[in-house]
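The values are calculated or read from the model by the stated rules, or taken from the named source; none is laboratory data. It should be emphasised that the depicted structure is a prediction, and the values quoted were computed from it without experimental measurement. Because the Cβ atoms are built from the backbone with ideal geometry, glycine has one as well, and the counts that use them run over all protein chains shown.
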Amino acid sequence: MGQSQGQSGAQGQSGAQGQSGASANILSSGSSARCVAIVGPFLSGKTTLLEAILARTKAITRQGTIAEKNTIGDASPEARAHAMSVELNVADVDYLGDRFSFIDCPGSIEFQHECSGPLDICDAAIVVCEPDPKRIPALQMILKRLEDRELPHLLFLNKIDTFNTPLRDLIPTLQPASTQPLVLRQIPIWEEGIVTGFVDLASERAYVYRQNAPSEIVEIPATLLDREHDARFHMLEQLADYDDTLMEQLLNDMEPPQDKVFEDLSQEMQQGQICPILFGAAENGNGIARLLKALRHEVPRVEETTERLALVSTVPTAHIIKSIHTAHAGKISLARVLSGEIADGTTLTGPGGEERISGIFTMFGQEAKKRGTARQGDIVGLGRLETLKTGETVSTANSAVDQLSQSPPSQSVFATAVILKNRKDDVKLASALNKLADEDPSLALEHNSDTKQMVLLGQGEMHLRVALERLERRYGIELERARRATPYKETIGKSNTVRARHRKQSGGHGQFGDVELEIKPLPRGSGFKFSDTIVGGAIPKQFITSVKAGVMDYLSAGPLGFPVVDLAVTLKDGSFHQVDSSDMAFRQAGRLAMSDGMPECSPVLLEPVMALEIAVPNEATPRVNAMISQRRGHILGFNGRVGWPGWDVVEAHIPEAEIEDLIIELRSATAGVGTYTAAFDHLAELSGRLAEQVLIKYQETATRQAAQ
């Protein structure tokens, strides 16, 4: 397949302008902006790629770097302090007359919730990946999310200048991460161990990188002609799997028209049949123009995206992908306009209510600049939509439109107890945390009634650390972290019958209540049961409920100091006084009887045991089994993870006290990709040295709190 066929001047210059016909004209002449998410594993260079795109399109005058902390993305204080993406960033560019909104998404699994909103409404995604086989599980997680959404995507192999493995060997290694065939569209030009350019297999042109300038077209090196021929033929074979006409041309040794090749690359990517691969070095600006040209001609527009999403709307409609609470502009709802035009002052309706827009903003990293009407396809900030939340589809209709489907927030896998440094901040804490949770639905705060702790829950240690840093920076609220207490319970090992009398005389009416209680253990998980066998009016009926209330008062903290469960209490007998008996007297008598009788019932400490499903790449399964055993866990079994080739799901029971830092160890053992879901399963008896340690620690805490 020689270089002479199909290389018109226009096609050669663009490297991707071979799309003929009406579809190509629509793509190049349409006015709606396209939205492209930049996703990929942690540290793959996504923010650097965005910076390189901004520099190449002249949206910025100089390409910043992560090291210099001057990039448009990752510009928040938390992102720069930790040198990592902790929230999504949006930037608009114009490239050859086409408008694009790029959304740079965090790569760390702890901040993957930031990706959900953009991926629900984007036209396509660039998956940034390093040429490192060790990152395949992380890459697979990203690709699975895109494939599940049927979102067109291409792979950008970044840091080509660091490659140690030939591409012909690397692609088969990466293929297991994708259910779609990985289609290589370029091969590198090497000179003395350095990648100096590439050969585009679709246009059959060679390009040499130039510093801070577009690549220069050169002749394909003679040493690469055979390699280019083989690589191009393999690419065409992959495309022909979905195109009978192309297959027939190849079988008859016919050179397919170049326009046909570009058309197939575009259509098959948009239909989710292939995942094209481009490469470059974002830090050096290499491969950026080729990437932009591919996006310009092959990424669908918002009209095709709404078809894919099955969104039918006859009125202006937008989808909120993130809420941002700012110091000066108030709440800004980052949204994409999916149909029609939306002007400032428009009233929008969603499931959360009805709100009038107060300001429309163009977002550029951390900056919000006021603008006019938002058109179909635009990503904009909508001001002051206080009751409308992330994930809602809103419109100008009088009632809420059909909502786009969205993934629920991931279950929390890490938690920490938090304590206010300044008790005066208690009033504004709830409001501040509500704003953080509005921005980040995967963040949660709960008040544990058993342990009396305020617990912050999220996706990992760094996730919670960033949340606390934001809380202090934005709202001036400082929280100290503490270990989350385990909500132990206690029960009894044997029965007991006890009689107690509450009598008090202090002038006027006194207090009198006399009860006899039988206390019995129940099977695990039975809870608490109360009954009475009172006959002959020994205790009037109106006082029996008071006795039950007194018993329940006591059950909040038994002889060991923990809530009591799994026992039955029967009111068997008692007496009353016509004048001095009262609800309060019998309530006190019931509590007193429990206090006297429970220590003689052989109290037993119970610990909560959780049922876990741990998802990991199968090479990590033996290490996970060892972790479970080391944490006093019981392995129930494991199976292949449905829809995830090369992954296992290990099922286990692990005491809740042992899983606080499980996610940290799990991710360390799986290159950051392991995760789990957990749910309470049962209470199990805790005895011996471990029980003694729990009781000693409880007593120390109680003594310390009493002294304060």
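Restricting the stretch 387-445 to residues that are part of a helix (DSSP H, G or I) and touching a Ser or Thr at 6+ places or on another chain (Cβ under 9 Å), which is farthest from Gly674 (Cα to Cα)? Among residues in the stretch 387-445 that are part of a helix (DSSP H, G or I) and touching a Ser or Thr at 6+ places or on another chain (Cβ under 9 Å), the one farthest from Gly674 (Cα to Cα) is Lys435. Does Asp92 satisfy being in a loop (DSSP other than H, G, I, E, B), of a type in the set (Asp, Glu) and touching a Ser or Thr at 6+ places or on another chain (Cβ under 6 Å)? The answer is no for Asp92.
Residue count for the stretch 411-439, restricted to those that are among the polar types (S, T, N, Q) and surrounded by fewer than 17 Cβ atoms within 10 Å (Cβ to Cβ): 4.
In the stretch 202-234, the residue that is surrounded by the fewest Cβ atoms within 10 Å (Cβ to Cβ) out of those that are under 30 Å from Gly272 (Cβ atoms) and among the basic types (Lys, Arg) is Arg227. Would you confirm whether or not the stretch 92-107 contains a residue that is among the hydrophobic types (A, V, I, L, M, F, W, C), surrounded by 20 or more Cβ atoms within 10 Å (Cβ to Cβ) and closer than 17 Å to Ser407 by Cβ? Yes, the stretch 92-107 contains a residue that is among the hydrophobic types (A, V, I, L, M, F, W, C), surrounded by 20 or more Cβ atoms within 10 Å (Cβ to Cβ) and closer than 17 Å to Ser407 by Cβ.
Residue by residue, here is whether (1) assigned by TED's automatic domain parsing to the domain that holds Ala335; (2) more than 12 Å from Leu334 (Cα to Cα); (3) over 27 Å from the mean Cα position of the chain (by Cα); (4) touching a residue at least 60 places away in the same chain (Cβ under 8 Å) holds:
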| site | (1), (2), (3), (4) |
| --- | --- |
| Gly345 | yes, yes, yes, no |
| Thr362 | yes, no, no, yes |
| Ile379 | yes, no, no, yes |
| Arg384 | yes, no, no, no |
| Leu388 | yes, no, no, yes |
| Gln403 | no, yes, no, no |
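Within the stretch 565-598, the set of residues being surrounded by fewer than 24 Cβ atoms within 10 Å (Cβ to Cβ), assigned to a loop (DSSP other than H, G, I, E, B) and among the small types (Gly, Ala, Ser) comprises Ser582 only.
Scanning the stretch 317-337 for residues that are more than 17 Å from Ala91 (Cα to Cα) and crowded, with 22+ Cβ neighbours inside 10 Å turns up Thr317, Ala318, His319.
Scanning the stretch 28-35 finds no residues that are at pLDDT 95 or above, of a type in the set (D, E, K, R) and in a helix (DSSP H, G or I). Here Glu248, Glu255, Glu219 are screened, and the one residue that is among the acidic types (Asp, Glu) and touching a helix residue (DSSP H, G or I) at 6+ places or on another chain (Cβ under 8 Å) is Glu255.
Scanning the stretch 523-564 for residues that are assigned to a helix (DSSP H, G or I) and not hydrophobic (A, V, I, L, M, F, W, C) returns Lys541, Gln542, Thr545, Ser546, Lys548, Gly550, Asp553, Tyr554. Looking across the stretch 664-692, the residues that are crowded, with 21+ Cβ neighbours inside 10 Å, outside any strand (DSSP E or B) and of a type in the set (A, V, I, L, M, F, W, C) come down to Leu666, Val673.
Scanning the stretch 501-540 for residues that are over 15 Å from Ser575 (Cβ atoms) and aliphatic (A, V, I, L, M) returns Ile519, Leu522. For the stretch 460-488, filtering for residues that are over 19 Å from the mean Cα position of the chain (by Cα) and among the hydrophobic types (A, V, I, L, M, F, W, C) leaves 5. When Arg632, Arg641, Arg623 are checked against the criterion of being assigned by TED's automatic domain parsing to the domain that holds Thr670 and closer than 25 Å to Gly525 by Cβ, Arg632 stands alone in meeting it. The stretch 450-517 holds strands (runs of 3 or more DSSP E) entirely within its bounds, and those carrying 3 or more residues that are within 30 Å of Ser531 (Cα to Cα) map to 489-492, 496-504. The sole residue among Thr349, Thr314 that is farther than 23 Å from Leu49 by Cβ, at pLDDT 95 or above and hydroxyl-bearing (Ser, Thr, Tyr) is Thr349.
Of the residues that sit in the stretch 109-134 and are at pLDDT 95 or above and in a loop (DSSP other than H, G, I, E, B), which one is surrounded by the fewest Cβ atoms within 10 Å (Cβ to Cβ)? Among residues in the stretch 109-134 that are at pLDDT 95 or above and in a loop (DSSP other than H, G, I, E, B), the one surrounded by the fewest Cβ atoms within 10 Å (Cβ to Cβ) is Asp123.
Across the stretch 393-409, which residue is surrounded by the fewest Cβ atoms within 10 Å (Cβ to Cβ) among those that are modelled with pLDDT under 95 and under 9 Å from Pro351 (Cα atoms)? If we take residues in the stretch 393-409 being modelled with pLDDT under 95 and under 9 Å from Pro351 (Cα atoms), then Ser399 is surrounded by the fewest Cβ atoms within 10 Å (Cβ to Cβ).
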